[in-house]
Amino acid sequence: MRKILILCLPMLVLASCCVHVDRPPFLARFQNMLYTNISVSVDGYGTKVIAPGETATFMIDRRDQVYHYEAETHGSTSNGEITGLVVEWSLTRDIVGESYTTYLITAEDLFFLKMRNTGYHDLHPLYVNYGLPAETEDNITIPGNGLTYNVGYYKAFGRTRIQADWLDMPTEYTYWQNRVHFTFPWTENQSITLRNDFKKDASGNQIVEVGSETSSIKVDPRDGEPFGVDAGTARIAK
């Protein structure tokens, strides 16, 4: 009798394989909409300094789910001393989507001050919000060289008065009053440029003329990109 040998081949079991694909990091962008450098720190990802009009990007691990940032800016003298108020930000955001752009701004209750002196007298010191509880004094000199100087950030009030003494004649001064010599536009990122002109009339007497220019920087978001507009808060420099 013929025997048939049946070979039992072992069953091959294919184990299922789960392939994990890492998504690219989340891009947290910050754009400086102001007039001075802004230092931005993201917890765990370091610090970057952003020049006016520029953008910095932090690549964040999506597993963090959220990210916290802090930022700061202020006016300063040529030797690094702070002028005016310090503007700061502190916020935590969820990680959603591929990227997010934060536009760093100042609200309508702050303004940035620029000054241009074309007169015979250097101006020193400078008082902003003179006579108000928010009065500040900056121990700086605005020389009469016709150059425009970035000064700093200050609170904006309906009764804001800016005053500067004449360095060589401390009992004399020049001042600018809101709604008289300038008018706040009451917009985000507003700035004013104050002019001080010393002239002589036909009789040779010295006269002072003051003027101003106002402007603001508008936020122009990138098309189709998630974004937020964060206004900093002001504090007195320590």
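Listing for the model above:
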quantity	calculated
Alpha-carbon centroid distance for the pair region 158-172 / region 85-139, whole angstrom	20
Pairs of alpha carbons in region 106-238 whose separation is greater than 27 Å (percent)	26
The chain: antiparallel DSSP beta bridges as a percent of all, rounded to 5	75
Label-point separation in nm, Glu98 to Leu167, each point 7 Å along Cα→Cβ	5.4
DSSP beta bridges in region 110-216 [antiparallel fraction, %, rounded to 5]	80
Options Tyr153, Pro170, Asn189, ranked by Cα towards positive dipole end of region 110-216, top entry (Cβ charges)	Asn189
Candidate aspartates and glutamates - alpha carbon under 19 Å from Lys48, same-chain residues fewer than 8 apart omitted	Asp61, Glu70, Glu72, Glu88, Asp230
For the chain: relative contact order, % (alpha-carbon pairs under 8 angstrom, 6 or more apart)	20
Residue-by-residue Karplus 3J(HN,Hα) for region 120-126, coefficients 6.51, -1.76, 1.60, Hz, glycine and proline x	7, 10, 6, 9, 5, x, 10
Test item: Cα-centred dipole of the chain, Lys/Arg +1 and Asp/Glu -1 on Cβ, debye	1120
Long-range HN-HN contacts of Ala156 with modeled amide H, under 5 Å	Leu110, Phe111
Dipole axis of the chain (+1 Lys, Arg; -1 Asp, Glu on Cβ), positive-most option in Val42, Thr77, Gly119	Val42
Loop-located trypsin sites (Lys or Arg not before Pro) in region 116-203 whose Cβ has at most 11 other Cβ within 10 Å (DSSP)	Arg159, Arg179
³J(HN,Hα) computed for each position of region 131-143 - Karplus, 6.51 cos²θ - 1.76 cosθ + 1.60, integer Hz, glycine/proline x	x, 9, x, 8, 4, 10, 10, 10, 7, 10, 10, 9, x
Mean separation of Cα contacts under 8 Å (6+ apart) over length of region 110-216, as relative contact order %	30
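A short reminder: the numbers here are calculations on the coordinates, not readings from a lab. Please read these numbers as outputs of a predicted model, since none were measured by experiment. Quick reminder, even Gly has a Cβ in these numbers, built from the backbone with ideal geometry, and neighbours come from all protein chains shown.
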